[in-house]
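Trainee: Provided herewith is a single structure, encoded as structure tokens, for subsequent inquiry.
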Amino acid sequence: MSEHLLSIILFTPLAGMFILLLIPSRRTDLIRLWANIAGFAGFAVSLPLLWRFDKNAAGFQLVERYEWIPSLGARYIVGIDGISLLLVLLTTLIGALAILSSWSAIQEKVKQYYAMFLLQQTGMLGVFLALDFFLFFVFWEVVLVPMYFIIGVWGGPRKLYAAIKFFLYTLAGSVLMLLGILTLYFQHFRQFGYYTFEIAELMKLDLPLGIQQWVFWAFFIGFAIKVPMFPFHTWLPDAHVEAPTAGSVILASILLKMGTYGFIRFSLPLLPKASIDPRIVKILVGLSLVAIVYGALVSLMQQDWKKLVAYSSVSHLGFCTLGIFALNPNGLAGSVIQQINHGISTGMLFLIVGIAYERRHTRAIAEYGGLAHVMPKYATVFAIAMLSSAGLPLLNGFIGEFTILQGAFEANRLWAAIASLGIILGAAYLLWLYQRTMLGQITNPKNLRLPDLNLRELAVFAPLIAWAIWIGVYPKPYFEVLEKPVAEILQRVRPEYWEKASALAAAPLGVLR
Amino acid sequence: MSFLELLWVIPLAPLAGAALMLVLGRLLDPQASSQVAVAPGLAADLPQPHGHGSGHHRHGAARSLISLLCPGTVLVSFVLSLGAVFELSSLPGRTYELVQFTWIAGLPFLTQSGAPARFSADWGFLLDPLSAVMILVVTGVGFLIHVYSVGYMGHEGGYYRFFGYLNLFVFFMLMLVLANNYALMFVGWEGVGLCSYLLIGFYFHRKSAADAGKKAFVMNRVGDAGFILGMLLMFSVFGSVRFREVHEALASGRFAAETGSLGVLTAIALLLFLGATGKSAQFPLYTWLPDAMEGPTPVSALIHAATMVTAGVYMVARSHLLYRLAPEASMAVAVIGAFTAILAASIALVQNDIKRVLAYSTVSQLGYMFMACGVGAYWVAIFHLYTHAFFKALLFLGSGSVIHALGGEQDMRRMGGLKEKIPVTYWTMVVGALAISGIPGFAGFFSKDEILWQIYSSPHGSKAIYVVATLTAGMTAFYMWRLIFMTFHGKPRMDADTLARVHESPRVMTVPLVALAAGSTLAGWIGVPKVWSFLPESFRAFEHWLAPALSTQASHGTEHAHGAATEWLLMGLSLAIALAGIAIARHLYVVRPERVAALRQAAGPLYTALANKWYVDELYDAVFVNGLGKGVGSAMARFDSRIVDGGVNGAGWMTRLASTLSIWWDTWIVDGAVRLMSFVVKAASFPVRVLHTGSVQAYALVIVLGAAALFTWYLVR
């Protein structure tokens, strides 16, 4: 049983979905209950990872490997390292909470809705667990479909536009990514004489810079659209605005991380020469810095609550990609931590918009104001989420931003200086949003009797707040978990750098001189 | 268990109070939840709060609990601080470090010099003479202000929320001053900023309060970005952010030889100072502090006068070795301090809001502290920080008592003649005014005079800065006594109704006033001028106490480059200027008040500029808020939806156009060819088709006709 831990984690939501399909559609409460059980079970089965995972072990752990399509060389290989560990745990938790948050929001086609969520859950977990490119690609594409329907069926007024835009945009990216994958696949055949999609095998490839660059850009399109990096980000505000709350939460917290994960897992170690190519680094860092400042500035002027949070994601993800292409330990580790942080903070921010939306059915910021008077618990939770997103020390965001800045600073001081603008602007747009929605007087009579958070809603926020505080106060375990995988990536990308820095790996904390 | 080992409890006690208030406070004080602020006209829609009247009684006990608990936690911290400082005084080297756990542990990496390093920041505390002074000020003055708040906030809603925030503030402030490294100091640094935001916006139903809180937070963030970058640069140079290690590296001089440039040090020092200008409201980041007066008055006293705003001074003093090695940065500190001091004092001359006068005064006094830092007299900066905490807290709490007595009035033009009505407030405020004006014997005299003397005599000092500082001292005396005279002397200018209800504040408020007045009188006597050699050395204990922390040798007697005669002369000069300021204020606001208007006329545009605070707020609004923020933001938002998204939609449109064209092509050309073919075939087959009518009669007719034709042809042939 336990040697299949990852497969159990991967397929529990799918199994839950199949059982869900057996429940008659009219029994909506039973469907809701079952979906929540399945969602929670999906989270529960991932918990053994906390003690099964060995932070000192090198390489991938809990690996399972089976032949799948031998004629193609495609295998079922799953495994985790510190990076995927954190993302898997984020996925299982956010997935369960997203399902819990939908209880009263979704009243139509309830069965199909939850089925889509559970299917999506398996898709996303597969992306983070797969160690075979073919398998990865299958899961990558699987994720598209449920999200398309979630936006397109349960979304807002312009749901069709948003859903199609989301689907086509990301699909276009994945097609190019597929071309990149196939290039590696055929190159591998040329060099070794057999076909395989296995990542570990593909890493043995010795490709000239030219080919690496082509493949890098092909991957780039796929991942950059997903992240999304400037200027490929415009599908995001539309998708977020139209998606139902839980869809936005999943989209922001997890789906976007598939892009950054792709860069870390595939672009860097598979294409090391291209990844340190100064021109490529300059472009990628440039786009990240633009995203940070630009996303924040655009955020500042949004009149739509959800759109504001969506653009803030662009800014925050800019930090994540900046960390990756700082190409040093703190940049990478900070990026992964910030990906988790963004999942927590922005997840909360979308849940917060959703709660207001469920009560008032509008996302226009001008419709609100003074909510803190009638919804004090809600205002408190919002304040915590805002501060976590703005990077206040002792909450999670600070650790991520600070570590990324440290990495960026090490690579180029100017990068860090520009990125720090994002910290200032981040405070500005969040505080202004908070002021316009929560503070002041209640000017709209419709807001006078809004009910405060109920117990279920509080239960959705509680674990996220606890997690935010944990990372903020005691982030050490996260750095420990990330140390090995980051080392392995850097060993491939910048071997000589790593050799020198690792003189310290065994040493106690502090400075060696 | 010694007090030193309990160091970690000092910040945690108020945190416990805060946690209790913010999590359970609502249960203790549910009255708060029924307070809904609505725009006029909506009030009728409100659900009526049930049991409002009886609720007051029921929750009286709960309120008493809050009133005991929250000041109590600060008292606990104060007692523990006293104990710890007492034990510290007998430790060799007077330093005690307590590390609890590693807070941030980064990954190993290479610094720019190529050395491997690993970022690490402890959750650790450092008690040395410098932090000792700070924790005593924070917990001591903090406790008095908590007690005062019990009275001041007694009638207000959100009682638990207020005390929760206030306790949280004390926690973060203690973290700030007790941290043993810059990163943890930054936790306190940002944390006090948060509490400041929460407390400025305490009356958040007022837009002005919410605006002021936001302004404070965002402006501080600008400084914080500088702090973070300074910290990163510091780490890349020294490989540590721990005070002790940075200190050792700087003291060893090893580092200067290694990098061979002092430019880096100047950069670190200036970046950190950018942080200090934000937190301590110095030019150019000072405009948030006057607006912060939107908060309840005890908050102004505690956060925006006595403690938080002095954090920048503390941080610079904490980094004194760095600033010593970066003379350009030190010069910048002194110049910014001097400029801010006179700028703020000039604005304070004409303000009419009693709290705003005090706010500008605080900005100005902080400028003095930075001047002292800039000329290398760190202990004097801390000395002024310490005396200022007493008299400025006193003045704020006194103004709060006045506002309380007048039912919320803050405009001094509607005050006057309160001297006899609220005597305790009056006399304590007079003590505060004497102290800030620098009248000998009162606390402010000792510290301010020492600053002036140091600016004049220190090798890093400057005569120009001295002139500015002395002028500012005169302005200080003027605006402060203008405040006293406008508020308490002359004829009452409020309406009769308000006048009838003027009352002295309750004991819970006046006792802290008296205690602070005592402090404002006595606190300075541990730092008397060196020329007062008739007093024993113990009257100069403050400098000696701080000497180990600031790595200075406390100088004995008057062996300075400048003679004792000069010092006496300067002392006399500053006293004369202060007395002149008081005299002018008295002349204008008590003896000949009608002259004020004439003077305003005469000053013309200068007066207008002062009254409008030199238009700095307007400038910032135009350039940063509306220009770079909203202006560029809207432009970017338009760019995003028109150009970037326009590109995407354009691609979609192009695809659809191509698709439409393809359909047309498909319909008319591709399918057209097929249909043309069919048409041709059809056309060609037309003659044939005409015959194929499918009608038997027709066929029969054709057969008959054909047969007839054949027959005819046969016959004819």
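Every number in this text was worked out from the coordinates using simple rules, so none of it is lab data. As the structure is a prediction and not an experimental result, all values here were calculated from the model. Here the Cβ is made from the backbone with ideal geometry for all residues, glycine too, and neighbour counts use every protein chain on show.
Trainee: Which cross-chain or sequence-distant (5 or more) residues have an amide H under 5 Å from the amide H of B:Met415, H modelled 1.01 Å from N in plane?
Mentor: B:Arg493
Trainee: Another question, if that's okay. Hey, which aspartates and glutamates would be in cross-link range of A:Lys109, C-alpha to C-alpha under 16 Å, not counting anything within fewer than 8 residues on its own chain?
Mentor: A:Asp29
Trainee: For chain B, how big is Rg over Rh, using alpha carbon atoms and the Kirkwood form of Rh? Let's see the in-between values first.
Mentor: Numbers: Rg = 38.1 Å, Rh = 29.1 Å.
So for chain B, dividing Rg by the Kirkwood Rh gives 1.31.
Trainee: Defining a contact as two alpha carbons under 8 Å apart and six or more residues distant in sequence, what relative contact order in percent does region A:271-493 show?
Mentor: Details: 338 pairs, mean separation 60.7, N = 223.
Normalised by residue count, the contact order of region A:271-493 is 27 percent.
Trainee: Pairs B:Lys392/B:Lys463; B:Lys355/B:Lys630; A:Lys226/A:Lys282: which are spaced more than 24 Å apart, C-alpha to C-alpha?
Mentor: On the way: B:Lys392/B:Lys463 28 Å; B:Lys355/B:Lys630 30 Å; A:Lys226/A:Lys282 20 Å.
The answer is B:Lys392/B:Lys463; B:Lys355/B:Lys630.
Trainee: Between B:Ala16 and B:Lys207, how high is the FRET efficiency from 1/(1 + (r/R0)^6) when r is the Cβ-Cβ distance and R₀ = 45 Å? Nearest 0.05. Write out the running numbers ahead of the final one.
Mentor: Numbers: r = 34 Å, r/R0 = 0.76.
With R0 = 45 Å, the Cβ-Cβ based efficiency is 0.85.
Trainee: Follow-up question, since we're still on this one. So which lysines pass the test for A:Lys377, namely a Cα distance under 23 Å, with those fewer than 8 places away in the same chain ruled out?
Mentor: A:Lys377 reaches A:Lys306, A:Lys446, B:Lys207, B:Lys214.
Trainee: Also, I was wondering about something else. Before rounding to the nearest 500, sum -39500 (n - 2.57) across all DSSP H runs of length at least 4 in chain B and divide by the residue total; then give [θ] at 222 nm in deg cm²/dmol. Each step should come with its number before you reach the end.
Mentor: Values: 31 runs with 476 residues, N = 717.
Mean residue ellipticity at 222 nm (helix-derived): -22000 deg cm²/dmol.
Trainee: A:Lys159: which aspartates and glutamates have alpha carbons under 12 Å from its alpha carbon, excluding same-chain residues fewer than 8 sequence positions away?
Mentor: Cα-Cα hits under 12 Å: A:Asp238, A:Glu242.
Trainee: For a test of the definition: using alpha carbon positions, the gyration tensor, and the 1.5 limit on a/c, classify region B:65-119 as rounded, prolate or oblate.
Mentor: Values: a/c = 5.26, a/b = 1.91, b/c = 2.76.
Note, shape of region B:65-119 comes out oblate.
Trainee: Would you kindly derive the ³J(HN,Hα) couplings of region B:129-138 from the backbone phi angles with the Karplus curve 6.51 cos²θ - 1.76 cosθ + 1.60 (θ = phi - 60°), listing them in order in whole Hz, with x for Gly and Pro?
Mentor: Values per residue, Gly and Pro as x: x, 5, 5, 4, 4, 5, 5, 5, 4, 5 Hz.
Trainee: Continuing with this model, one more query. May I ask you to evaluate 6.51 cos²θ - 1.76 cosθ + 1.60, the Karplus curve with θ = phi - 60°, for each residue of region A:299-311 and list the ³J(HN,Hα) values in order in whole Hz, giving x for glycine and proline?
Mentor: 4, 3, 9, 6, 9, 9, 3, 6, 5, 4, 5, 4, 5
Trainee: Taking H as built 1.01 Å from N, whose amide H comes closer than 5 Å to the amide H of A:Glu198, not counting residues under 5 places away?
Mentor: The list, which skips near neighbours in sequence, is A:Phe133.
Trainee: Once you have a ≥ b ≥ c as the square roots of the Cα gyration tensor eigenvalues for the protein assembly as shown, tell me rounded if a/c is under 1.5, and otherwise prolate or oblate according to whether a/b is larger than b/c.
Mentor: Working: a/c = 2.34, a/b = 1.84, b/c = 1.27.
Prolate.
Trainee: Quick one: net charge around B:Tyr456, please, counting Lys, Arg +1 and Asp, Glu -1 for every other residue with C-beta under 15 Å from its C-beta.
Mentor: Details: positive: B:Lys448, B:Lys463, B:Lys530; negative: B:Asp449, B:Glu450, B:Glu567.
Value of the local net charge: 0.
Trainee: Quick one: Karplus J couplings for region A:258-272, per residue in order, coefficients 6.51, -1.76, 1.60, θ = phi - 60°, nearest Hz, x for Gly and Pro?
Mentor: 4, x, 5, 4, x, 4, 6, 7, 10, 4, 5, x, 7, 10, x
Trainee: Got a sec? How would B:Met308, A:Met203, B:Met415 order by Cβ neighbour count within 10 Å, fewest to most?
Mentor: In increasing order of surrounding Cβ atoms, one gets A:Met203, B:Met415, B:Met308.
Trainee: Pulled fully out, how much extra length does the chain show between B:Val696 and B:Val467, if you take 0.36 nm times their separation in residues and subtract their Cα-Cα distance? Show your work: numbers first, answer last.
Mentor: Numbers: separation 229, 0.36 × 229 = 82.44 nm, distance 12.89 nm.
Additional length available on full extension: 69.5 nm.
Trainee: Return the tail of the calculated pair distribution for region A:271-493, meaning the percent of Cα-Cα pairs more than 24 Å apart.
Mentor: For region A:271-493, the share of Cα pairs beyond 24 Å comes to 45 percent.
Trainee: Do the sum for chain A: with -39,500 (n - 2.57) for every DSSP H run of n ≥ 4, divided by all residues, what is the mean residue ellipticity at 222 nm, to the nearest 500 deg cm²/dmol? Walk me through the intermediate numbers first.
Mentor: Numbers: 23 runs with 363 residues, N = 513.
Helix contribution divided over all residues of chain A: -23500 deg cm²/dmol.
Trainee: What share of Cα pairs, in percent, lie more than 29 angstrom apart in region A:209-368?
Mentor: Working: 2505 of 12720 pairs.
Tail of the P(r) past 29 Å holds 20 percent of the pairs.
Trainee: Using amide H atoms built 1.01 Å from N in the peptide plane, name the residues 5+ places from B:Ile104, or on other chains, whose amide H lies under 5 Å from its own.
Mentor: B:Ala121
Trainee: Would you work out if region A:10-50 is rounded, prolate or oblate? Take a ≥ b ≥ c from the square roots of the eigenvalues of the alpha-carbon gyration tensor; rounded if a/c is under 1.5, else prolate when a/b is larger than b/c, oblate otherwise. Mind dumping the intermediate values first?
Mentor: Numbers: a/c = 5.79, a/b = 2.20, b/c = 2.64.
Since a/c reaches 1.5 but b/c is at least a/b, the shape of region A:10-50 is classed as oblate.
Trainee: Can you tell me the relative contact order of region B:296-444? Whole percent, Cα pairs under 8 Å, sequence separation 6 or more.
Mentor: Values: 185 pairs, mean separation 40.7, N = 149.
Over region B:296-444, the number comes to 27 percent.
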